[in-house]
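For reference, the structure is listed below as structure tokens.
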Amino acid sequence: MWAKKLGSQLGRPTQSVGGWLVSKLFKTRNQVLEESAVQLCRIQPGDTVLELGHGPGLGLVSAAKLLTGPKGHMIGVDYSEYMHQMAKERVKEFLESGKVTLHLCDVAAMPLEDNSVDKVFHCNCYYFWPDLRKAASEIHRVMKPGGLIVTTMRHSHVAVLAAKRVMPGENWRPEAYMAALRDSGFTDIRMEDIQHRNITFQAIYATALT
């Protein structure tokens, strides 16, 4: 029972004690992964960038600071009302200036135009998508041809949670996610081990087909 409850809060934090604890975990454990995902995206000043499952907003801030061009725009989506509100507070100034736009929605149904996003990143996110293929297809729809998506994770930590049945089903496996990307029109899909600040984590890259 505890595993299912923890998995539920990790996937969609609510405004509760459990959700608050998970938000603290996101801020301490995910910061390196968030910042690294932003850097690995090779964001350009005028890009339109999308973060999936933005959580408390750490990655949104890191990426928005790089979008110094007049057309640079940061978009964040999350289906947790609690995380949506938390991120709104964190990026308040960027929202007011129009540099950042946030959507409370499912990754598999985003209110974005076709071929409108240059770069996409997310951290510890895809394991909670009920339908990997549907989500990957939606991501591909909104991306410009040749656009890059970067996913960061610590595979060893995720595997431990999966063994304890915190992660639902088999979607946590990188192979399942990479297969969904491939089936949805992505190419150049690969996973690399990366060392940063004495931490080893994994980055999965994919490019939207031209």
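The values are calculated or read from the model by the stated rules, or taken from the named source; none is laboratory data. These numbers were taken from a predicted model, which means no experiment stands behind them. Here the Cβ positions follow ideal geometry from the backbone for every residue, glycine too, while neighbour counts run over all protein chains shown. Accessible surface areas use protein heavy atoms only, side chains included; no ligands, DNA or RNA. Shrake-Rupley method; radii C 1.70, N 1.55, O 1.52, S 1.80 Å.
Before moving on, here are some points about what is shown:
- Qualifying residue in the range 115-127 (condition: farther than 18 Å from Gly72 by Cβ and of a type in the set (Phe, Trp, Tyr)): yes
- When Ala64 is tested against (1) open to solvent by less than 30 Å² (accessible area, probe 1.4 Å); (2) under 16 Å from the mean Cα position of the chain (by Cα); (3) within 20 Å of Ala206 (Cα to Cα), just one condition goes unmet, and that condition is (3).
- The set of residues in the range 39-61 that are touching a residue at least 60 places away in the same chain (Cβ under 8 Å), open to solvent by less than 10 Å² (accessible area, probe 1.4 Å) and in contact with a Leu (Cβ under 7 Å, 6 or more places away or on another chain) comprises Cys41, Val49, Glu51.
- A Cβ distance below 8 Å, combined with a sequence gap of six or more or placement on separate chains, defines the contacts here; from the range 85-113, residues that are open to solvent by less than 60 Å² (accessible area, probe 1.4 Å) reach residues that are among the polar types (S, T, N, Q) in the pairs Met86/Ser23; Leu95/Thr101.
- Within this structure, Ser62 fails the test of being out of contact with any His (no Cβ under 6 Å at 6 or more places or on another chain), small (Gly, Ala, Ser) and over 22 Å from Gly147 (Cα atoms).
- Unique residue being part of a loop (DSSP other than H, G, I, E, B) and in contact with a strand residue (DSSP E or B) (Cβ under 8 Å, 6 or more places away or on another chain) when the list is Val150, Val120, Val77, Val107: Val107
- The test for being open to solvent by less than 30 Å² (accessible area, probe 1.4 Å) and assigned to a helix (DSSP H, G or I) holds for Ala180.
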